[in-house]
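Here's the structure, in structure tokens; my notes come after.
The values are calculated or read from the model by the stated rules, or taken from the named source; none is laboratory data. Every value quoted in this text rests on a predicted model; they were computed, and no experiment measured them. Every residue, glycine as well, gets a Cβ built from its backbone with ideal geometry; the counts of neighbours run over all protein chains shown. All accessible areas refer to the heavy atoms of the entire protein, side chains included, with ligands and DNA or RNA removed. Shrake-Rupley method; radii C 1.70, N 1.55, O 1.52, S 1.80 Å.
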Amino acid sequence: MTGHAHSIMTIGECMVELAPREDGTFNRNFAGDSFNSAWYLRRLLPAGASVDYCSAVGTDRISDRMLSFIADAGIGTQHVARVGDRTVGLYMIELEKGERSFIYWRDRSAAKLLAEDPARLRAAVAGKTLLLFSGITLAILSAEHRANLLTVLREARAAGALVVFDPNMRLRLWPDVATMCAAVSEAASVADVVLPSFDEDGPNFGDATPEATIARYRAAGVRTVVVKNGAGEVVAEDEQEGQVRYQPVPVTDVVDTTAAGDSFNAGFLTARLAGQPLEAAIASGASISAKVIRARGALVQI
Ligand code: ADP
């Protein structure tokens, strides 16, 4: 994974975020798991590496603003398609006695069509050295478009790209647990690296321990599995390095855990691309997310 300029692409949906201010008005931001990871990767990787986003937006003003925001962050937008009769998804953060909840308007978002055209997807991933997608990317697509995406990723992997998958299991985006688990398992079978969270994979797949999560993905052919577990120990396994356990330094002054996993992924992958061993890369991911959860919002200046 070292020795040449890296060309990274993350694939998924970026949304408009409305975050409440204390005076009752809202801040308008842009965020979404795959985009958050791209944003952190761009900040962490050397300038010689490229980071691109693959998605779809509308042709209206707010879509233009989102694209400008992505481009201003140094992330390539050439492979964000424009869909004429749709616009970007939206979510609002509700604060009730310090507890956050999210309301989404994304059922007809343009991003749901990001994998409509296999030829466009193929052109987007051509020449990329690392491709990152998530269970949320899968959840917003029709079964047919999911198959398009997995086919193109399988081809890219065969051509030498490192394919990275974060299961990010959000049941409310799926008809039922079985459909979600089947899609996640199929996606894992095209990935070299899977970065699950035990609080999602454990209950949904019935894994009793992080080691069981690792064993399940390794049996599907995944080379590297890193199981995140909130403040708990990260347990990981790599086909060459074996199993590693890492206890993140506890963060006692947590402000907002949004994008903890997305920023961990970026820190971990940046270290791996620099040739670091598993444990050092996990420490790097954990230290980035420790900074992110001490501040408000998905995108934190690190
Ligand atoms: P996700 O956002 O995908 O649910 P996790 O909650 O598992 O991800 O957190 C991802 C990473 O963020 C963890 O592996 C850990 O390194 C860090 N992290 C999250 N919560 C804490 C915490 N309370 N203290 C220290 N580190 C944390």
Completion exercise
Residue pairs within 7 Å by beta carbon, gap of at least six or interchain, first lying in the stretch 80-104 and more than 22 Å from I11 (Cβ to Cβ), second open to solvent by less than 50 Å² (accessible area, probe 1.4 Å) and among the small types (G, A, S), listed first then second, are I93/A19
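Out of the residues in the stretch 103-125 that are in a loop (DSSP other than H, G, I, E, B) and open to solvent by less than 60 Å² (accessible area, probe 1.4 Å), state the one that is nearest to R154 (Cα to Cα).
Filtering the stretch 103-125 down to residues in a loop (DSSP other than H, G, I, E, B) leaves 106-109, 114-117.
Okay, now just the ones that are also open to solvent by less than 60 Å² (accessible area, probe 1.4 Å), so 106, 109, 114-115.
Numbers: R106: 27, S109: 26, L114: 17, A115: 14 Å.
Looking at the filtered set, the residue picked out is A115.
In the stretch 133-150, is there at least one residue being surrounded by fewer than 16 Cβ atoms within 10 Å (Cβ to Cβ), assigned to a helix (DSSP H, G or I) and in contact (Cβ under 8 Å) with a residue 40 or more places away in the chain?
First pass over the stretch 133-150, keeping only residues surrounded by fewer than 16 Cβ atoms within 10 Å (Cβ to Cβ): 142-144, 147.
Going one step further and asking which of them are assigned to a helix (DSSP H, G or I), we end up with 143-144, 147.
Right, trim to in contact (Cβ under 8 Å) with a residue 40 or more places away in the chain and you get none.
No.
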Problem - Where a residue in the stretch 16-41 is within 15 Å of V80 (Cβ to Cβ) and modelled with pLDDT of 95 or more and its partner, wherever it lies, is open to solvent by 60 Å² or more (accessible area, probe 1.4 Å) and not in a strand (DSSP E or B), with Cβ under 7 Å and at least six apart - result: F30/F69
Practice task
Out of the residues in the stretch 151-183 that are surrounded by 14 or more Cβ atoms within 10 Å (Cβ to Cβ) and assigned to a loop (DSSP other than H, G, I, E, B), state the one that is farthest from the ligand (Cβ to nearest atom).
Solution key: A161
Exercise for the section: For the stretch 197-214, state whether one or more residues are open to solvent by 40 Å² or more (accessible area, probe 1.4 Å), assigned to a helix (DSSP H, G or I) and away from the ligand (no atom under 15 Å from the Cβ). Expected result: yes
Handout entry: Qualifying residues in the stretch 215-249 (those that are of a type in the set (S, T, N, Q) and either part of a strand (DSSP E or B) or under 24 Å from S101 (Cβ atoms) (or both)) - the one nearest to the ligand (Cβ to nearest atom)
Key = N229
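Quick one: is L130 under 15 Å from D52 (Cβ atoms) and open to solvent by less than 30 Å² (accessible area, probe 1.4 Å)? Don't jump to the end; show me each part of the working.
Working: under 15 Å from D52 (Cβ atoms): yes; open to solvent by less than 30 Å² (accessible area, probe 1.4 Å): yes.
When the stated conditions are applied, L130 passes them.
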Practice task
Please go through the stretch 250-271 and pick out each residue that is surrounded by fewer than 17 Cβ atoms within 10 Å (Cβ to Cβ), within 9 Å of the ligand (Cβ to nearest atom) and not hydroxyl-bearing (S, T, Y).
Solution key: P250, V254
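Looking only at the stretch 54-102, which residues are open to solvent by 70 Å² or more (accessible area, probe 1.4 Å) and assigned to a loop (DSSP other than H, G, I, E, B)? Full working, then the answer.
Our first condition is that a residue be open to solvent by 70 Å² or more (accessible area, probe 1.4 Å); within the stretch 54-102, this holds for 59, 61, 65, 69, 72, 78, 82, 85, 94-97, 99-100.
Within the stretch 54-102, T59, Q78, D85, K97 qualify.
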Practice task
Could you tell me which numbered condition G261 fails, if it satisfies all but one of (1) touching a His at 6+ places or on another chain (Cβ under 6 Å); (2) closer than 17 Å to I136 by Cα?
Solution key: (1)
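Yes/no per residue for (1) farther than 30 Å from A188 by Cβ; (2) modelled with pLDDT of 95 or more; (3) among the charged types (D, E, K, R):
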| site | (1), (2), (3) |
| --- | --- |
| T59 | yes, yes, no |
| G76 | no, yes, no |
| V83 | no, yes, no |
| L95 | yes, no, no |
| A124 | no, yes, no |
| A147 | no, yes, no |
Handout entry: Among (1) within 20 Å of the chain's Cα centre (by Cα); (2) surrounded by fewer than 23 Cβ atoms within 10 Å (Cβ to Cβ); (3) under 23 Å from R120 (Cβ atoms) - the single one V51 does not satisfy
Key = (2)
Exercise for the section: Could you tell me whether any residue of the stretch 276-287 is more than 15 Å from the ligand (Cβ to nearest atom) and open to solvent by 10 Å² or more (accessible area, probe 1.4 Å)? Expected result: yes
